[in-house]
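Heads up, the thing below is written out as structure tokens.
The values are calculated or read from the model by the stated rules, or taken from the named source; none is laboratory data. On a predicted model such as this, the values are computed, not experimentally measured, just so you know. Every residue, glycine among them, receives a Cβ derived from its backbone with ideal geometry; neighbour counts consider all protein chains shown.
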Amino acid sequence: MLIPKSIGITIGTPNRHSYSLLPMSDLATRVKLARTHAKLTTYQLADAVGCKQPTIAQIESGRIKTSSLIPRIAEATGVNVRWLDRGTGPVVADLTADEARQTEAFIAGLRRREP
């Protein structure tokens, strides 16, 4: 899937560890990335946010386009709720240098898997 380069995400703050990463144009992609980064299964995420696993699977597949669970998913996965909901702003509010390196390595791994 080709997405314009202008639809990227930023990790960190403009003054600290700021860089653009994979384009995140839809909620399904952002939820799956957040869940994977938090090292949670769909069952674990569902339990953490108080819903059933098929609901998480439907969000990640794109069948559910929006959800009242977004704030709880953001909290459970440690991402910025605005980024998760709209794809704007930083993925997380602030990262340490070590967290920035870990996130960068994680995203690089995802890029290697892209077709």
Output the number of residues of the stretch 23-55 satisfying the condition of being among the aliphatic types (A, V, I, L, M), surrounded by fewer than 18 Cβ atoms within 10 Å (Cβ to Cβ) and assigned to a helix (DSSP H, G or I). 2
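From the list 74, 48, 28, pick out the single residue that is at pLDDT 80 or above and either aromatic (Phe, Trp, Tyr) or in contact with an Asp or Glu (Cβ under 6 Å, 6 or more places away or on another chain) (or both). Lay out the reasoning, then the answer.
Working: 74 fails: either aromatic (Phe, Trp, Tyr) or in contact with an Asp or Glu (Cβ under 6 Å, 6 or more places away or on another chain) (or both); 48 fails: either aromatic (Phe, Trp, Tyr) or in contact with an Asp or Glu (Cβ under 6 Å, 6 or more places away or on another chain) (or both).
It is 28.
Taking residue 35 as the residue in question, decide whether it is touching a Leu at 6+ places or on another chain (Cβ under 7 Å) and either farther than 19 Å from residue 110 by Cβ or not hydrophobic (A, V, I, L, M, F, W, C) (or both).
Values: touching a Leu at 6+ places or on another chain (Cβ under 7 Å): yes; either farther than 19 Å from residue 110 by Cβ or not hydrophobic (A, V, I, L, M, F, W, C) (or both): yes.
For residue 35, the condition - touching a Leu at 6+ places or on another chain (Cβ under 7 Å) and either farther than 19 Å from residue 110 by Cβ or not hydrophobic (A, V, I, L, M, F, W, C) (or both) - is met.
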